[in-house]
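Notes for the one structure printed next.
The values are calculated or read from the model by the stated rules, or taken from the named source; none is laboratory data. Because the structure is predicted, anything quoted here is derived from the model rather than measured. Here the Cβ is made from the backbone with ideal geometry for all residues, glycine too, and neighbour counts use every protein chain on show. Surface areas here come from the heavy atoms of the whole protein model, side chains and all, with no ligands, DNA or RNA. Shrake-Rupley method; radii C 1.70, N 1.55, O 1.52, S 1.80 Å.
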Amino acid sequence: MRVLVTGAAGFLGSHLVDKFLALGYDVLGMDNHITGSPANLEHLSSHPRFRFANQDVTRYIEVEGPLDGVLHFASPASPVDYLELPIQTLKVGALGTHKALGLALAKQARLLLASTSEVYGDPLVHPQPESYWGNVNPVGPRGVYDEAKRFAEALTMAYHRYHDLDTRIVRIFNTYGPRMRPNDGRVVSNFIVQALRGEPLTIYGDGSQTRSFCYVDDLIEGIVRLFERGTPEPTNLGNPHEFTVRQLADRVVQLTGSKSEIVQRPLPTDDPRVRQPDISYARRTLDWEPTVRLEEGLRRTIEYFRGVVARERAAAT
Ligand code: UDP
């Protein structure tokens, strides 16, 4: 069995590559390193079942030999990234998904699309089941990501219905863990890196907005189950345990033993007020639910970032 992972050098892409290799698959990774990092795949440079191609997936994707699966994970995914890369974000969600679907069709491979809880926008239904159509501002700054992913879902369903392609759509809720970029801009990596550097933790707004944080290993397990035995219906994957951003900041300060203060910064435009996945569908169809509690996941992530921050310090001296 051989799969292609687009966005292979990214946070989730690189963990997926590791997982599929561990399951015995041959893996081809693809990335153009706009937001992905070669360091995330360095440990695989001499792996006999791993190959890497430096390629922009918004252009025609050429892959020699058979493929059984395409996992389309290429995209800027942090709000900071997609504000800086609005056109690339739209292109990889739209054109990149089209190319990935075309390749899957040509190879008669199963395609799994990485979608997002952002398709629900600033949700008016809470928690969010897959049946909720969302509350997205198409022309706001986050629209470039939200609408690209909504288009990607529509295109994936069209290939499924019209071409009978075997497809999967995972709607990924906030996920954290080792290999997030220290300057990624997302809340978990920001808070941990700020705490370890002794800088103030930046809460946007009053910190009463909520998110539900899933540890990366749980998410990857869910994605593999969805790929291997899921259905074409969009499937939420995430941890339903919901926290305010302020609670997260307090927890990070406590777990790092940091002396950092907590400061407030302006709330970004269209920042969702609440977010919590309804994972009943994944529970029922995949027999899946997250097992890593926030405290344990944060400990593992803090350990990873301690190494990153220590290397930064050594390089600076
Ligand atoms: N956030 C924050 N401080 C930061 C980074 C993010 O308070 O340094 C907030 C952000 O405004 C949002 C939440 O944390 O309400 C989660 O942000 P993130 O960028 O991780 O992802 P999102 O869930 O918004 O896609």
(request) Would you work out what percent of the accessible area of the chain, with all protein chains in place, is carbon or sulfur (probe 1.4 Å)? (result) 51 percent
(request) Could you compute the FRET efficiency for Q108 and I87, with r as their C-beta to C-beta distance and R0 at 45 Å, rounded to 0.05? (result) 0.90
(message) Just to confirm my numbers, what's the Cα centroid distance between segment 174-218 and segment 250-305 in Å?
(response) 7 Å
(message) In segment 225-269, whose amide N lies under 15 Å from the spot 7 Å out along Cα-to-Cβ of S208? List them in ranges.
(response) 244-247, 267
(message) Are there any GluC sites (Glu not before Pro) in segment 54-153 that are in a DSSP loop and have at most 15 other Cβ atoms within 10 Å? List them by number.
(response) E62, E64
(message) Can you order the peptides 289-295, 12-18 by their average number of other Cβ atoms within 10 Å per residue, highest first?
(response) 12-18, 289-295
(request) Step through the residues of segment 147-154 one at a time and calculate ³J(HN,Hα) from phi using the Karplus curve (6.51 cos²θ - 1.76 cosθ + 1.60, θ = phi - 60°), rounding each to whole Hz and writing x for Gly and Pro. (result) 6, 4, 6, 5, 4, 4, 5, 4
(request) Compare D26, D217, D250 in a GNM of the chain, Cα atoms joined below 10 Å, and give the one with the largest fluctuation. (result) D250
(request) Report ³J(HN,Hα) in whole Hz for each residue of segment 12-23, in order, from the Karplus equation J = 6.51 cos²θ - 1.76 cosθ + 1.60 where θ = phi - 60°; Gly and Pro get x. (result) 6, x, 5, 5, 5, 4, 4, 5, 5, 5, 5, 7
(request) May I ask you to compute the full-extension gain from N135 to E62, defined as 0.36 nm times their residue separation minus their alpha-carbon distance, rounded to one decimal in nm? (result) 22.6 nm
(message) So if I average 1/r over every pair of distinct C-alpha atoms in the chain and take the inverse, what Kirkwood radius in Å does that give?
(response) 19.8 Å
(message) At 1.4 Å probe radius, can you tell me the per residue accessible area of the chain in Å²?
(response) 44 Å²
(message) Is the C-alpha gyration tensor of segment 1-85 telling us rounded, prolate or oblate? Criteria: a/c under 1.5 is rounded; beyond that, a/b larger than b/c is prolate, otherwise oblate.
(response) prolate
(message) Can you show me the helix-derived [θ] at 222 nm for the chain, built from DSSP H runs with n ≥ 4 at -39,500 (n - 2.57) apiece and divided by the number of residues, rounded to the nearest 500.
(response) -12000 deg cm²/dmol
(message) Which order do the peptides 180-189, 44-53 come out in when sorted by mean C-beta neighbours inside 10 angstrom, highest first?
(response) 180-189, 44-53
(message) Going by Cα centres, segment 1-59 and segment 84-140 are how many Å apart?
(response) 20 Å
(request) Would you please put 87-95, 132-140 in order of how densely packed they are, using the mean number of other Cβ atoms within 10 angstrom per residue and starting with the highest? (result) 87-95, 132-140
(request) Taking all protein chains together and a probe of 1.4 Å, list I203, I34 from the most accessible to the least accessible. (result) I34, I203
(message) Show me, for segment 282-294, the HN-Hα J-couplings you get by feeding each phi into the Karplus relation (A = 6.51, B = -1.76, C = 1.60, θ = phi - 60°), rounded to Hz, glycine and proline as x.
(response) 5, 4, 6, 8, 10, 6, 10, 7, x, 10, 8, 6, 3
